[in-house]
Each structure stands twice: as C-alpha cells, then as structure tokens.
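K.L.:
Supplied in structure tokens, the structure appears directly below.
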Amino acid sequence: MSKFEVPYKIYLDEAEIPKSWYNVRADMKNKPAPLIHPGTLQPLKFEDMQPIFCDELIRQELDNETQYIPIPEPVYNFYKMYRPSPLTHAEFLEKALDTPAHIFYKFEGNNTSGSHKLNSAIAQAYYAKEQGLKGVTTETGAGQWGTALSMACAYFGLDCKVFMVKVSYEQKPFRREVMRTYGASVTPSPSMDTAIGRKILEDHPGTTGSLGCAISEAVEVATSTPGYRYVLGSVLNQVLLHQSVIGLETKAACDKYGIKPDVIIGCAGGGSNLGGLIAPFMGEKLRGEADYRIIAVEPASCPSFTRGKFAYDFCDTGMVCPLAKMYTLGSGFIPAPNHAGGLRYHGMSSTLSQLYHDGLMEATSVPQTKVFEAAEYFARCEGILPAPESSHAIRVAIDEALKCKETGEEKTIVFGLTGTGYFDMVAYEKFHDGKMEDYIPTDEELAVSISKLPVVD
Ligand SMILES: *Cc1c(COP(=O)(O)O)cnc(C)c1O
C-alpha cells in the first residue's frame, strides 16, 4: 500500500452518500434469533411490538431478507448536513508509533451530538413523524444518544422525552442543557414519574441508576401515553441497519484508493457503530468474496462478549421489554461505579452476537487506564479529543500496529472513531490525577447476575 498516495483525509463527494442502507442479516446463513415475548416466550410478531415501536421500524427489525433498504429522502437530506464523514489516514499516529502498519479511522464525531448516534436518530424520528406520532421517549446514559435524538426530533417537530441515568444527569449538566436546547425534556432516572421508577427507588434507595432501568421507564411512558412510541439508540437490528451508512462510506473511500483493510476494529457497547462499520465488509465475508479480521473491543469492567453468556435475556432492568438472544452479563449487571469509559450496557446486539458465535468476528476487552492512555496518545498525535468509548478501538488499533512493528508486517488497520470526548473531562481528569482504577469483575460476581438469566428453553 505504500506504493500509492492517499490523502490525509479521504472525503467522498456529497453524491456518494449511500442511497440505501445495507442489511447484513440478508447475507447471514444463521439469522439472529428473534425477539421473544417475556410472558409467552414466543417470537414477537408485528402486532406485539406495535404498542412499543414505530410501525416501519418494526418492519425493519423483522426483515432478515432485504439486502438494501432505501434511505428516505428527508433522512438523506439531513445526512447532508454532516455526511459524508471523512476516512482519515492516521499518518501522524503511524509516525509516532514508528510502525509499518497503515492506520485509517472513520470519524463520526463531526456533528453536535458528537457521535455516530445521529445516523439512526434521524431515521427513527423520521418514521415516527411519518406515522403521525406526537413524540418519542428514550433513555440515555452518557448523553450522546439523547442529544442525537433531541436534534432529530427538533428537525421533524416531534416531542422528545429523555430519561437520563441519574449519575450522568448530575455529572454532565452540559449534556442535559444541549438536549434542552433542542427542545427535549430530560428526567433523571430512576424517577418518581413512573411505576417502575418508584419501585426501583423503593428497592434500591439512593441508586444512581443504570441504562436498563432508564429503558424500563421510557418504555412505560411510551406505552401509557397516546401518540408516543419508544426508540432505542443501539442493540436493535434496525439501529445496526441505519448505522451501515458508516461502513458503506468507509468501503467507498477504501475502494477509491485501493485500500484493502486487513483488520477492522470497533468499540462495542450495544454494537451499533461496530455493526454499521463492518456491515459491507462482513457481507463480503459471508458471501465468500473477501476476508477480514474483525475485532470488537469492550471494557474489561463490562465484558459481555468475552465473559458473558449467549442466551435469551431481558434488554432492561425492569424486565418489561422483550427478550433478546445475545451475549449478556445478565440484565441485573451494573458495572463498577468507578467505571468511566462508557459502553456500560449488559448485553450485545443479537446480530453481532450471532456473528461472533459463528466465529466470523473476534472480541477482546481492555482495562480503562489503558484506554485513557491510548486516548491521550491519540489526541496528541492526531489532534482529535476522542470519546472514551471510541478510545477502546484506538487502544486495540495501536496494539495491532505495535505488533506489526515487531513482525515487520505492513497491515492495513481501519478503526471506527465514533465520537469526541468534550463532555467526558471528569473521566479524563481522574486519569490525569492518577485516580482512575481498573476494576475487573470476578468470575463469582459475574456468575451472580448470569445465574439470574430467564429460563427460556
Ligand atoms: C454510544 C456510543 C458508543 C457505543 O455504542 P454502540 O452501540 O456500541 O456503538 C460508542 N462511541 C460513542 C461515541 C457513543 O456515543
């Protein structure tokens, strides 16, 4: 690859924004297991999901067959505000590492939400509007999803109710204010506004909340308020579908300059950015047209792929949501309070779980101090202040590049840089002050939450 010149930033033209999303499930032999009803344990049908989700999004959720799904024009137009996103040749990082590897990253932080989440938020808001709904509810942890959704709802004139995990609500007042700037209402979770919130507060007084708990509250409000539905920013098949715009652009940029990735790396919380980034590459792999090493990176303190169980589990703490078959630590699992690196969700996308189970991708976990070391190193080389979540991928990209230095291999590494870290300075501060610790759960601790998985078969 050293033989050809690639620009530092590969920008596609506006006309090269993909016109359709790619649905990797269409090319999977073993389809992801269906969502099942928590009471009957039967696969959920369209009608079962209607009280919770928007109609068109349910169709997308259930569609394992259609390879390409057209991007509606209003969504495409919104994409034009911040897409195509650049694929950057990390030449300053390569130089600093003195590696023969070629490193590229796809940067999704160039929009106000500061992350890739806007790619799906705008699609979900569009379908809600098309259906004539009044508004949507959701949860947010660190705040990126809530911000993305409030931007999308403002654009389409929808009401947006966000339940924000209490610890983030208190630690990230600026995130909250960004959401309110876009017109969303933001409630710290658990709250007294919902039955499930009141129950959680009664059972765990003083709890600072969790994503699973905020999901339960948002679903309760959506299903009990006429004209509202619930939307989710990760994990679901539909979200991976929308995020395929990341991978399609990456593939187009690579093809333009004859770049052939050997290794593709992404951080994995619920799996949406990784699922989107790898989608077209995984498609080639599934169809036997090409081969790639694909690596999911997760926090050592919330290791669903590497130490979880592949089983049906609840998507939320309140156990009101459908069950998904996925790698999970159990819906009662809450990462240690000192975990600052994001990616705190207990489960993982069913699609990625199936691909991982079938040996089509790898997973690894990294402790948070190593993640922040990589974040700081990257910031100093490439100028961008990365989100802690994204820095999991940076860590492993750097490690792979250093391996190439030892072996002299000239591999091409592509990783997803999902967002910026401006709202994560409390975590950076902890790291700089030497107060960040690596808490890795013991097998016994994980066994406790895993033993509470619902019995399905
Ligand atoms: C939400 C988020 C993630 C993790 O979510 P996935 O669904 O696993 O992609 C990663 N990076 C950033 C910046 C995020 O906001």
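K.L.:
Let me make sure I get this right: for the range 285-340, a, b and c are the square roots of the gyration tensor eigenvalues over alpha carbons, sorted descending. Under 1.5 in a/c it's rounded, otherwise prolate if a/b > b/c, else oblate. Which is it? Before the final figure, lay out each step's value.
P.N.:
Values: a/c = 3.34, a/b = 1.52, b/c = 2.21.
It is oblate, given that a/c is not under 1.5 and a/b is not larger than b/c.
K.L.:
Next question. Residue by residue, what Karplus-based ³J(HN,Hα) values in Hz, rounded to whole numbers, does the range 316-323 have, using 6.51, -1.76 and 1.60 with θ = phi - 60° and x for Gly and Pro?
P.N.:
Karplus values, whole Hz, x for Gly and Pro: 9, 6, x, 6, 9, 7, x, 8.
K.L.:
Which order do 431, 305 take by accessible area at a 1.4 Å probe, largest first?
P.N.:
Working: 431 40, 305 5 Å².
The residues order as 431, 305, largest area first.
K.L.:
Taking 22 Å as R0, compute the FRET efficiency from the Cβ-Cβ separation of residue 290 and residue 405 and round it to 0.05. It would help to have the intermediate numbers written out before the result.
P.N.:
Working: r = 26 Å, r/R0 = 1.17.
It comes out at approximately 0.30.
K.L.:
What's the longest bit of the chain with no exposed GluC sites (Glu not before Pro), using DSSP loop states and at most 16 other Cβ atoms within 10 Å as the test?
P.N.:
Values: sites that count: 5, 65, 289, 409, 410, 437.
My reading of the result: 66-288 is the longest stretch.
K.L.:
Quick one: of 80/129; 260/411; 166/199; 370/435; 285/309; 9/117, which pairs are farther than 18 Å apart, Cα to Cα?
P.N.:
Values: 80/129 20 Å; 260/411 9 Å; 166/199 16 Å; 370/435 13 Å; 285/309 25 Å; 9/117 22 Å.
The answer is 80/129; 285/309; 9/117.
K.L.:
While we're looking at this one, here's another question. With a sphere of radius 9 Å drawn around the Cβ of residue 135, what net charge do the other residues whose Cβ falls strictly inside it have (Lys, Arg +1; Asp, Glu -1)? Present the calculation step by step, with values, prior to reporting the outcome.
P.N.:
On the way: positive: 134, 161, 229; negative: 159.
The answer is +2.
K.L.:
For the chain, what % of the accessible area comes from carbon and sulfur atoms, probe 1.4 Å?
P.N.:
Details: 9050 of 17380 Å².
Here it works out to 52 percent.
K.L.:
Local charge sum around residue 158 (other residues, Cβ-Cβ under 9 Å, Lys/Arg +1, Asp/Glu -1)? Show your work: numbers first, answer last.
P.N.:
Working: positive: 129, 134; negative: 159.
Local net charge: +1.
K.L.:
Another question about this same structure. Computed FRET efficiency, Cβ-Cβ of residue 13 and residue 42, R0 56 Å: what is it to the nearest 0.05?
P.N.:
On the way: r = 48 Å, r/R0 = 0.85.
After rounding, the FRET efficiency stands at 0.75.
K.L.:
Expressed in nm to one decimal, what extension gain is obtained for the pair residue 425 and residue 438 from 0.36 nm per residue of sequence separation less their Cα-Cα distance?
P.N.:
Working: separation 13, 0.36 × 13 = 4.68 nm, distance 1.78 nm.
This chain segment gains 2.9 nm when fully extended.
K.L.:
If you roll a 1.4 Å probe over the heavy atoms of the protein chains, what accessible area per residue do you get for the range 326-457, in Å²?
P.N.:
Values: 5580 Å² over 132 residues.
On a per-residue basis, the range 326-457 sits at 42 Å².
K.L.:
So, with +1 on the Cβ of K and R and -1 on the Cβ of D and E, and no other charges, what is the size of the charge dipole of the range 327-457 about its Cα centre, to the nearest 20 debye?
P.N.:
Working: 10 positive and 20 negative charges, 49 e Å.
I would put it at about 240 debye.
K.L.:
By how many nm would the segment from residue 67 to residue 180 lengthen if fully extended, with 0.36 nm per residue of separation less the alpha-carbon distance?
P.N.:
Full-extension gain reported as 36.9 nm.
K.L.:
So if I take the centroid of the Cα atoms in the range 1-53 and the same for the range 412-457, what is the distance between those two points in Å?
P.N.:
After rounding, the separation between the Cα centres reads 24 Å.
K.L.:
Another question about this same structure. Leaving out ligands and nucleic acids, and using a 1.4 Å probe, what accessible area per residue does the range 48-153 come to in Å²? Show your work: numbers first, answer last.
P.N.:
On the way: 3310 Å² over 106 residues.
I get 31 Å² per residue for this part.
K.L.:
A further question follows. Heavy atoms only, probe 1.4 angstrom, no DNA, RNA or ligands counted: give me 384, 265 ranked by accessible area, highest first. The partial results should precede the final answer.
P.N.:
Working: 384 35, 265 0 Å².
Sorted by accessible area, descending: 384, 265.
K.L.:
Please give the net charge around residue 428, taking every other residue with its beta carbon less than 14 angstrom from that of residue 428, where Lys and Arg add +1 and Asp and Glu add -1. Please list the in-between numbers first.
P.N.:
Working: positive: 172, 380, 430, 435; negative: 373, 376, 389, 424, 429, 433.
Result for the local shell: -2.
K.L.:
Let me ask something additional. Just check the chain against the gyration tensor rule for me: Cα atoms, a ≥ b ≥ c as the square roots of the eigenvalues, rounded for a/c under 1.5, and otherwise prolate or oblate depending on whether a/b exceeds b/c. It would help to have the intermediate numbers written out before the result.
P.N.:
On the way: a/c = 1.44, a/b = 1.28, b/c = 1.12.
It is rounded, given that a/c, with a ≥ b ≥ c, falls under 1.5.
K.L.:
In debye, nearest 20: dipole of the chain around its Cα centre with unit charges on the Cβ of K, R (+) and D, E (-)?
P.N.:
Working: 43 positive and 56 negative charges, 104 e Å.
In debye, rounded to 20, the chain gives about 500.
K.L.:
Mind listing the lone cysteines of the chain, meaning no other Cys beta-carbon sits under 4.7 Å from theirs?
P.N.:
54, 213, 254, 267, 302, 381, 404
The values are calculated or read from the model by the stated rules, or taken from the named source; none is laboratory data. All values derive from a computational prediction rather than experimental measurement. Here the Cβ is made from the backbone with ideal geometry for all residues, glycine too, and neighbour counts use every protein chain on show. Calculation scope for accessible area: heavy atoms of the full protein, side chains included, ligands and nucleic acids excluded. Shrake-Rupley method; radii C 1.70, N 1.55, O 1.52, S 1.80 Å.
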